[in-house]
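Engineer: The structure follows.
The values are calculated or read from the model by the stated rules, or taken from the named source; none is laboratory data. Computed from a prediction, not measured in an experiment: that's the story for all the values here. When we count neighbours, we look across all protein chains shown, and the Cβ atoms used for this are built from the backbone with ideal geometry, even at glycine.
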């Protein structure tokens, strides 16, 4: 999603237009009602309309709605809304495209704004059935994700398309091909987990296309990219060509302001001319930098294994607190031998804590860390690397 314009500017303008006067008292932020957090909605193709609903705040003079969506939806929008007479307030919004959306509402009092936490929902558009199936909305992986490891288990996830018999998951890259994924018997999402061996490192373009009971393909998703790169690979080698090339410069410039680890080469928290110089000179030394955190997003809180604990090598369970609004997580299990590092992608749980199990880890010291994925390519910061020991 694109950055939201300065909220206070819109708050002041909205207050002025509503005739509000400043007040010292505080009021509560609104409670968002519909769409609910994580809800998946099927709408007709644009033009279409969706009604946003939230709870009335008694002393508020008005509200300010902020809505962000995929690039096809356009820039983030802010809508001033007057106070309502009933217990709930609503606002219609038009022309939704397929993708993941974030919305929040601020209750206004004078020149003050009391903003709700953001809520996320997914929109699918089009008509289902008869060989005219709409494209699903991709949940995992975020576009242009880079995964560093020496073997990879990648978890793909997208929204269910009503009327589909199954889906064709297609890859173009070092390990090209198409896989048939059957329609699940229930639920609102579809998942497919694929393993990639060390020889499969490189850049991939992938998409998902539903097919109906006559095996007729519907509309496919827009292509997405991800890169699988060895832990000891060169951070500047963005196009995985093993050589400095114009492709490295192109990829660097395209990710200049997007917070990806491959752009923040000196790991100082921002992408700047020093990173570009490092790229041009291709002399970067030292550990692979963590991704640049996206403002407002936090790392998951790790629960198990805790610091310096000892676990059995079989069925090692990793548990953490989920992040609200995340669509999935990247788990890193780090080893002193970088050829033994493990990367695994896990989807967001429906409720409770998030967890995954690794069937076997050779006995020796390890570390683990976790980061969250968000819609429209957002990636949160890594957690701290927690040391633990694997012993028989």
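Engineer: For residue 231, indicate whether it is part of a strand (DSSP E or B) and either at pLDDT 85 or above or touching a helix residue (DSSP H, G or I) at 6+ places or on another chain (Cβ under 6 Å) (or both).
Structural biologist: Against the criterion (part of a strand (DSSP E or B) and either at pLDDT 85 or above or touching a helix residue (DSSP H, G or I) at 6+ places or on another chain (Cβ under 6 Å) (or both)), residue 231 does not qualify.
Engineer: To continue, here is another question. What are the residues in region 147-159 that are assigned to a strand (DSSP E or B) and touching a helix residue (DSSP H, G or I) at 6+ places or on another chain (Cβ under 7 Å), if any?
Structural biologist: Passing the criteria: none in range.
Engineer: Just one of the numbered conditions (1) outside any strand (DSSP E or B); (2) at pLDDT below 85; (3) surrounded by 13 or more Cβ atoms within 10 Å (Cβ to Cβ) is not true of residue 40; which one?
Structural biologist: (1)
Engineer: Let me ask something else. For residue 99, indicate whether it is out of contact with any strand residue (DSSP E or B) (no Cβ under 7 Å at 6 or more places or on another chain) and closer than 26 Å to residue 374 by Cα.
Structural biologist: Spelling it out, it is not the case that residue 99 is out of contact with any strand residue (DSSP E or B) (no Cβ under 7 Å at 6 or more places or on another chain) and closer than 26 Å to residue 374 by Cα.
Quick grid of which residues meet (1) buried (at least 20 other Cβ atoms within 10 Å of the Cβ); (2) at pLDDT below 85; (3) assigned to a strand (DSSP E or B):
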{"residue": "336", "(1), (2), (3)": "no, yes, no"}
{"residue": "349", "(1), (2), (3)": "no, yes, no"}
{"residue": "352", "(1), (2), (3)": "no, yes, no"}
{"residue": "357", "(1), (2), (3)": "no, no, yes"}
{"residue": "362", "(1), (2), (3)": "no, no, no"}
{"residue": "381", "(1), (2), (3)": "no, yes, no"}
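Engineer: Taking residue 111, is it in contact with a helix residue (DSSP H, G or I) (Cβ under 9 Å, 6 or more places away or on another chain) and farther than 15 Å from residue 28 by Cβ?
Structural biologist: yes
Engineer: Also, I was wondering about something else. State the number of residues belonging to region 182-209 that are modelled with pLDDT of 85 or more and more than 22 Å from the chain's Cα centre (by Cα).
Structural biologist: Going through region 182-209 one residue at a time, the tally reaches 5.
Engineer: Residues in region 74-92: is at least one under 28 Å from residue 140 (Cβ atoms), touching a strand residue (DSSP E or B) at 6+ places or on another chain (Cβ under 8 Å) and modelled with pLDDT of 90 or more?
Structural biologist: Yes, the conditions are met somewhere in region 74-92.
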